[in-house]
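Participant: The structure's right below; bear with me while I get my questions together.
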Amino acid sequence: MTSSSLRRGWCPDLFAPMEAKDGWIVRLRPPLGRLSADQIAMIAQAATCHGNGVIELTNRGNVQLRGFARTAVDSFAATAIGAGLSARSAAEDHRRAVLVSPLAGLDPACAPQTFPIARTLSARLAAAEDIVGLSAKFGFFVDGGGYFPLGGLPGDLGLLAAEGGWALRAGGWQSEALSSEQAISALLGAARRLSEAGVEARPSRDTQVARDVLINSGLSARHCREPNAFSPVGSLPGNVNGIAPAFGRTDAAHFASLCACADAADDGCVRVTPWRSIVIAGAPPDGFITDPADPLLSVRACIGTVGCVRAEADVDAVARMLATEWSGGVLHVSGCAKGCAHPRTAALTLVAHGGQYDVIDGPPGGAASLSMQTLEQVRALLATRGAGETQE
């Protein structure tokens, strides 16, 4: 690791940790979203021995550990690589990180080829050393639909189950149906073109980039349909359950309890989703949300002043209080304008500022419709306001 990789202001990973108020943050990308019992136990032990015990799930399906001493980061990286939780280089680890429909192989409505295609794509991306220069936040995916509907997975470039095959999806655009081999080859070619264009070329952020990369691949381009609403928590197809820690955060002891769930699964794994939830077999362990109607599921909140020097409020505590008073879709309570917990548009965004809150009808960093509101003013606003839920 170089000193330049340790600067602030980007998403950390195993090779480029980030220093926070509560210590160093390291992030793991579970291969294809799967974690075995041994891997779960290793993560929980590392969080206890090297960190402050806090483990977070991210909206990229990653697992983040907080509070590390800087001297422990390198040894943990070696352990994680040995446990199969990371490739041996940052570039390969980033390329091979493919989000896959969490119910692949379980949900009969999810395309049956989903997981095999994701495994093949991940391996071919890992070997594609000429795909360089993509944004560190660039995301690949394989979306088989089903209960977690088509278009539900976040990302820049991926494969989408389609009648007669698989479509290449770039941001909000998709191609015609291709065979699985054609689709994988088209994605690799599109990734090479985007890597040549540089880190700003992200289909999920630029609709023109998204359309152009399909057209320049010799494919058609049409808008993707919006995904249907769903809950990542509760009883799910395949005789499994979705569970979630509040705001994506749990502790090492509760995380370790997932080992029994992995042992109960036919494939010996739990599945981490990009909605900060976990798909498990067997009985849900204590300490996780299991009711899809739990109001905490409608609220997003960062760690706040407990762990971040930029935060201006203990937004975790505030968000827990406001959850019971809000019923208008996704409420985002952010400790600062960066909006790490939910960078997309929510039904309502509250940004802490000098002990008060700016109210934003849009993504974090947008213009405030109301500024410097006290917590009591915010509560009064929530009591009178409702909005349609914004799909993530």
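The values are calculated or read from the model by the stated rules, or taken from the named source; none is laboratory data. Note that the structure is a prediction, hence the values are computed from the model and not measured. Ideal geometry is used to build each Cβ from the backbone, glycine not excepted, and the neighbour counts take in all protein chains shown.
Participant: Just need a number here: residues in segment 267-288 that are at pLDDT 95 or above and surrounded by fewer than 21 Cβ atoms within 10 Å (Cβ to Cβ). Walk me through how you get there before you give the answer.
Facilitator: Step one: list which residues in segment 267-288 are at pLDDT 95 or above, which gives 267-281, 284-288.
In the following step, the residues that additionally are surrounded by fewer than 21 Cβ atoms within 10 Å (Cβ to Cβ) were identified as 267-268, 284-287.
So the count comes out to 6.
Participant: Looking at segment 347-358 only, could you name the residues that are over 19 Å from Thr305 (Cα atoms) and assigned to a strand (DSSP E or B)? First the steps, then the outcome.
Facilitator: Just the residues of segment 347-358 that are over 19 Å from Thr305 (Cα atoms), to begin with: 347-348.
Residue satisfying the conditions is Leu348 alone.
Participant: Taking the residues in segment 27-62 that are part of a loop (DSSP other than H, G, I, E, B) and among the charged types (D, E, K, R) as candidates, determine which candidate is nearest to the chain's Cα centre (by Cα). Break it down into steps so the answer makes sense when it comes.
Facilitator: Step one: filter segment 27-62 for residues part of a loop (DSSP other than H, G, I, E, B), giving 29-30, 50-53, 58-62.
Imposing the further condition that a residue be among the charged types (D, E, K, R) reduces the set to 29, 60.
Working: Arg29: 10, Arg60: 2 Å.
Top of the filtered list is Arg60.
Participant: What number of residues within segment 82-100 are in contact (Cβ under 8 Å) with a residue 24 or more places away in the chain and out of contact with any strand residue (DSSP E or B) (no Cβ under 6 Å at 6 or more places or on another chain)?
Facilitator: Just the residues of segment 82-100 that are in contact (Cβ under 8 Å) with a residue 24 or more places away in the chain, to begin with: 83-87, 89-100.
Filter once more, so that each one left must be out of contact with any strand residue (DSSP E or B) (no Cβ under 6 Å at 6 or more places or on another chain): 83-84, 86-87, 89-97.
Residues in segment 82-100 being in contact (Cβ under 8 Å) with a residue 24 or more places away in the chain and out of contact with any strand residue (DSSP E or B) (no Cβ under 6 Å at 6 or more places or on another chain): 13 in total.
Participant: Continuing with this model, one more query. Of the residues Arg344, Arg310, Arg300, which single one is assigned by TED's automatic domain parsing to the domain that holds Val359, under 16 Å from Thr58 (Cβ atoms) and part of a loop (DSSP other than H, G, I, E, B)?
Facilitator: On the way: Arg310 fails: under 16 Å from Thr58 (Cβ atoms); Arg300 fails: part of a loop (DSSP other than H, G, I, E, B).
Testing whether each residue is assigned by TED's automatic domain parsing to the domain that holds Val359, under 16 Å from Thr58 (Cβ atoms) and part of a loop (DSSP other than H, G, I, E, B) leaves just Arg344.
Participant: While we're here: Only strands (runs of 3 or more DSSP E) wholly contained in segment 228-288 count here; list those with 1 or more residues that are touching a Phe, Trp or Tyr at 6+ places or on another chain (Cβ under 9 Å). Break it down into steps so the answer makes sense when it comes.
Facilitator: Values: elements: 234-236, 240-243, 249-251, 269-272, 278-280.
Per the criteria, 234-236, 240-243, 249-251, 278-280.
Participant: Step by step: first the residues of segment 364-389, then only those that are buried (at least 16 other Cβ atoms within 10 Å of the Cβ) and more than 18 Å from Met321 (Cβ to Cβ), then the one that is modelled with the lowest pLDDT. Which residue is that?
Facilitator: It comes out as Pro364.
Participant: Being within 20 Å of the chain's Cα centre (by Cα) and crowded, with 19+ Cβ neighbours inside 10 Å is the filter here, so list the residues in segment 250-266 that pass it.
Facilitator: Thr250, Ala252, Phe255, Leu258
Participant: Does Ala337 fit the bill of being in contact with a Gly (Cβ under 9 Å, 6 or more places away or on another chain), surrounded by fewer than 23 Cβ atoms within 10 Å (Cβ to Cβ) and part of a loop (DSSP other than H, G, I, E, B)? Lay out the reasoning, then the answer.
Facilitator: Working: in contact with a Gly (Cβ under 9 Å, 6 or more places away or on another chain): yes; surrounded by fewer than 23 Cβ atoms within 10 Å (Cβ to Cβ): yes; part of a loop (DSSP other than H, G, I, E, B): yes.
When the stated conditions are applied, Ala337 passes them.
Participant: Further question: Considering only segment 243-259, state which residues are touching a helix residue (DSSP H, G or I) at 6+ places or on another chain (Cβ under 8 Å) and of a type in the set (Gly, Ala, Ser).
Facilitator: Ala244, Ala246, Ala252, Ala253, Ala256
Participant: So, in segment 53-81, how many residues would count as being among the acidic types (Asp, Glu) and free of Cβ contacts under 8 Å to residues at least 40 places away in the same chain?
Facilitator: So in segment 53-81, the residues among the acidic types (Asp, Glu) come out as 56, 74.
Now drop any that are not free of Cβ contacts under 8 Å to residues at least 40 places away in the same chain, which leaves none.
Residues that pass the stated criteria total 0.
Participant: Follow-up. So, in segment 181-217, of the ones that are under 19 Å from Ala136 (Cβ atoms) and of a type in the set (Lys, Arg), which residue ends up surrounded by the most Cβ atoms within 10 Å (Cβ to Cβ)?
Facilitator: Arg202
Participant: Follow-up question, since we're still on this one. Inside segment 63-163, counting only strands (runs of 3 or more DSSP E) that do not spill past its ends, which hold 2 or more residues that are of a type in the set (A, V, I, L, M)? Steps first, please.
Facilitator: On the way: elements: 63-68, 98-100, 140-143, 157-162.
It comes to 63-68, 98-100, 157-162.
Participant: Considering (1) at negative phi; (2) in the same structural domain as Arg29 (by TED's automatic domain parsing), say which one Asp286 fails and leave the rest.
Facilitator: Result: Asp286 passes all but (2).
Participant: Also, quick follow-up: Take Ala301 and decide whether it is under 30 Å from Trp24 (Cβ atoms), small (Gly, Ala, Ser) and either in contact with a Leu (Cβ under 9 Å, 6 or more places away or on another chain) or modelled with pLDDT of 95 or more (or both). Walk me through it before giving the result.
Facilitator: Working: under 30 Å from Trp24 (Cβ atoms): yes; small (Gly, Ala, Ser): yes; either in contact with a Leu (Cβ under 9 Å, 6 or more places away or on another chain) or modelled with pLDDT of 95 or more (or both): yes.
Judged against the criteria, Ala301 is a match.
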